[in-house]
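Have a look at the structure below before the remarks.
The values are calculated or read from the model by the stated rules, or taken from the named source; none is laboratory data. Treat the numbers as computed from the prediction; the structure is a model and nothing was measured. Please note: Cβ atoms are built from the backbone with ideal geometry, for glycine as well, and neighbour counts cover all protein chains shown. Ligands, DNA and RNA are excluded from the accessible area calculation, which covers all protein heavy atoms including side chains. Shrake-Rupley method; radii C 1.70, N 1.55, O 1.52, S 1.80 Å.
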Amino acid sequence: MPQVFMTVGPKLHERFPKETICTLLNVTGQKLIAVVEEVFEIQGKHDVAFTAIKALHTINEAPIQIEIKYTVGENEYGKGELFDPPAEQRKLLAAKVKKLMDFTLPNFPASVWIRPQRESLFKGI
């Protein structure tokens, strides 16, 4: 299950009111989910989650940090194969996320991490 985590630095909160930030995060989260589903070819699986958290303080960090983690597992999507997107897909995802963020919040540069979680275990709610 891919998980999109966005850490929002204090500068965004200083610039916009809370209601505006909530709207921005909701729209951005939906777009990020769609990009992950498209690039990882899992549209319709409804298996990508989004969480945004507020950073109290950052040093030497982009104002917005995005981390996309996913479990590397066997038969994850019923295809009878290991779900482990190749480097090309991960690079494409990072580029698309960066482009989306540059368009959505052009004055707040984003860093993007794509992180496979090998030998991990996920237990949902």
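Legend: translational diffusion of the stretch 74-125 by Stokes-Einstein, Rh = Kirkwood radius over C-alpha pairs, 25 °C, 0.890 mPa s; D = 184 µm²/s.
Give the lysines reachable from Lys45 as a straight Cα distance under 19 Å; neighbours fewer than 8 places away on the same chain don't count. Within reach: Lys31, Lys69, Lys79, Lys123.
Accessible surface for Glu81 stands near 110 Å², nearest 10, in the context of the full protein assembly shown (1.4 Å probe). Among the chymotrypsin sites (Phe, Trp or Tyr not before Pro) in the stretch 32-103, which ones are in a DSSP loop with at most 14 other Cβ atoms within 10 Å of the Cβ? Mind listing them? Taking the stretch 32-103 and a limit of 14 other Cβ atoms within 10 Å, the loop chymotrypsin sites (Phe, Trp or Tyr not before Pro) found are Tyr77. Note on the stretch 34-82: Cα-only Rg and Dmax are 14.9, 44 Å.
Accessible surface for Asp84 stands near 50 Å², nearest 10, in the context of the full protein assembly shown (1.4 Å probe). Scan around Val112 for amide H atoms under 5 Å from its own, H built in the peptide plane at 1.01 Å from N, and keep only partners 5 or more places away or cross-chain. Placed amide hydrogens put Ile66 under 5 Å from Val112.
Solvent exposure of the chain, expressed per residue, is 63 Å² of accessible area, with all protein chains present and a 1.4 angstrom probe. Give the distance, in whole Å, between the Cα centre of the stretch 5-32 and the Cα centre of the stretch 65-125. So the separation of the two Cα centres works out to 20 Å.
For the chain, the share of accessible area belonging to carbon and sulfur comes to 54 percent (1.4 Å probe, ligands and nucleic acids excluded). Measuring only protein heavy atoms, the 1.4 Å probe finds Ile59 accessible over about 120 Å². Plainly put, the chain has a radius of gyration that is 0.99 times its Kirkwood radius, both from alpha-carbon atoms, as the Rg/Rh ratio.
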